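Have a look at the structure below before the remarks.
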Amino acid sequence: MSSLTFDRTAAVDRLMRFLAIEGITGQEKAIGEAVAKALCGLGVPASAIRFDDANTKTPLPTQTGNLIVTLPGTRPGPRRLFSTHLDTVPLCAGAVPVRKGDRIVPQGKTALGGDNRTGVAALVTMLGELHQQKLPHGPLTVLFTVREESGLWGARMLDPAELGNPIMGFNIDGGSAQTITIGAVGADRWEVEIIGKASHAGVHPERGISATIIAARALAAIHKDGWFGKVKKKTQEGTSNVGPFGDGQGRPAGQATNVVTDFVKIQGESRSHDTKFITAITSAYKSAFVQAAKAVRDDKGKTGKVKFTTRRDYYPFHLKENSPVIATTQAVAKSLGWDATLKLSNGGLDANWLTRHGIPTITFGAGQHDVHTIQEHTNINEFYDGCAFALALATA
Ligand SMILES: [Zn+2]
């Protein structure tokens, strides 16, 4: 068994402080500065702490870049990366954390933000304990990302050269520390603009081309052909969904009952562990909209039009079970007396982009539960496990 110890009271107090700082996705300045200040207070040299410029490359307004801490080793060896995200979902705005037995819960009707302040507090604790206990460790980079919740932007837009060439990565974002995510789906986000033609719905309906009917026909075909929801074709599997359906500006498609609706905008997504199948699902949506547009005509035979665009949000990955990062993870888990389980995730993680940047990265949890809901809570014992695991991985 590992003989590492750490100050649990200080760790949980730190978590409570970080949970109380608002920092929804894109607005990470206050939490980023609080983390940098906490690290300086724990003896991490200010020269090792900096913010990158990933926010300037992100197409959504973002207050600050990723916070990166780079430490030389107290002994030589390959560099290891630790990562976690600073931002929380908008439902966490105004959260007031309170301790209830073994849990931390939100006081009011908000989410808590344990996703992902548990990871933030665990990594600050790790860095503080390394320094204060003078524990020997190899070279380390610790990355606190921005805008994870709105599309993994901080991890996506970082410059891998700034991380100092770590050979493996450990990301904290989840519930149990003993459940190790070794792969995750990739995803497309797509959107379609359907252009019909307006006409008075009572006087000359035949002169109109209804964008709503085109959308309805396309989505009915998608559903009938098995491309909606859980998608299974031969050996391939994935998921898809249709999200916002309206005029693209937050209003309903069609602003009046007496006008044939001439414009609809729909946004959706496709996911799979198989890159080619993500493309196949997205293509099925595209061709359904194209076909439906051809089938809806005005009295002159003119058809509607569609403009379909897609963006690869992130790529799937699946680490090999004999890869060094998994071998290290399992050996360290064993040293803590744990029997870690490996799993794949159907949601994207910063690890998708870190692995894509050439750093094979696993993900474990530090006690977040029922995230993105007002039932969110943090399990304090699992948070301790997350801290212990990070410390053991940094020193092993
Ligand atoms: Zn998260």
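What follows is calculated from the coordinates using simple rules that are stated; it is not laboratory data. Source: prediction; values computed, not measured. In this analysis, Cβ positions are derived from the backbone assuming ideal geometry, glycine residues included, and neighbour counts consider all displayed protein chains.
What the table below lists for this structure:
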{"quantity": "Backbone HN-Hα couplings from phi across the range 54-71 [Karplus 6.51/-1.76/1.60, Hz, Gly and Pro as x]", "calculated": "4, 5, 6, 9, 8, x, 10, x, 9, 5, 8, x, 5, 8, 10, 10, 10, 10"}
{"quantity": "Fewest-first ranking of 12, 371, using other Cβ atoms within 10 Å as the exposure measure", "calculated": "12, 371"}
{"quantity": "In degrees, nearest ten, helix 8-19 long axis to first principal axis of the chain (Cα)", "calculated": "30"}
{"quantity": "Distance between the range 1-49 and the range 322-346 - C-alpha centres, whole angstrom", "calculated": "25"}
{"quantity": "Rounded to 10°, Cα long-axis angle of helix 114-132 versus longest principal axis of the chain", "calculated": "20"}
{"quantity": "Kirkwood hydrodynamic radius over Cα pairs of the chain, then Stokes diffusion coefficient at 10 °C and 1.306 mPa s, in µm²/s", "calculated": "70"}
{"quantity": "Built amide H within the under 5 Å cut-off of residue 248, gap 5+", "calculated": "265"}
{"quantity": "Pair residue 334, residue 16: separation of 7 Å Cα→Cβ label points (nm)", "calculated": "3.9"}
{"quantity": "Net length gained if the chain between residue 299 and residue 224 were fully extended (0.36 nm per residue, minus Cα distance)", "calculated": "24.2 nm"}
{"quantity": "Rounded if a/c under 1.5, otherwise prolate or oblate - the range 52-150, Cα gyration tensor axes", "calculated": "oblate"}
{"quantity": "For the range 95-101, 3J(HN,Hα) per residue [Karplus equation, 6.51 cos²θ - 1.76 cosθ + 1.60, θ = phi - 60°, Hz, x = Gly/Pro]", "calculated": "4, 10, x, 10, 8, 9, x"}
{"quantity": "Distribution of pairwise C-alpha distances over the range 186-314, 5 Å bins, in %", "calculated": "2, 12, 21, 21, 17, 12, 8, 5, 2, 1, 0"}
{"quantity": "Dipole axis of the range 242-376 (+1 Lys, Arg; -1 Asp, Glu on Cβ), positive-most option in 279, 329, 314", "calculated": "279"}
{"quantity": "Residue exposure sequence - 62, 110, 328, 145 - by fewest surrounding Cβ within 10 Å", "calculated": "328, 110, 62, 145"}
{"quantity": "Check: the chain dipole with +1 on Lys, Arg Cβ and -1 on Asp, Glu Cβ, in debye", "calculated": "1020"}
{"quantity": "For 49, 362, 222, order by how many other beta-carbon atoms lie within 10 Å, fewest first", "calculated": "49, 222, 362"}
{"quantity": "Using alpha-carbon coordinates, inclination of helix 275-295 to the longest axis of the chain, degrees", "calculated": "20"}
{"quantity": "Long-range amide H partners of residue 186 with built H, under 5 Å", "calculated": "272, 273, 274"}
{"quantity": "Potential lengthening between residue 322 and residue 179 on full extension [0.36 nm per residue; Cα-Cα distance subtracted]", "calculated": "49.8 nm"}
{"quantity": "Trypsin sites (Lys or Arg not before Pro), loop per DSSP, at most 13 other Cβ atoms within 10 Å - longest free stretch of the chain", "calculated": "1-108"}
{"quantity": "Residue 259/residue 195 FRET efficiency (R0 22 Å; Cβ-Cβ; nearest 0.05)", "calculated": "0.90"}
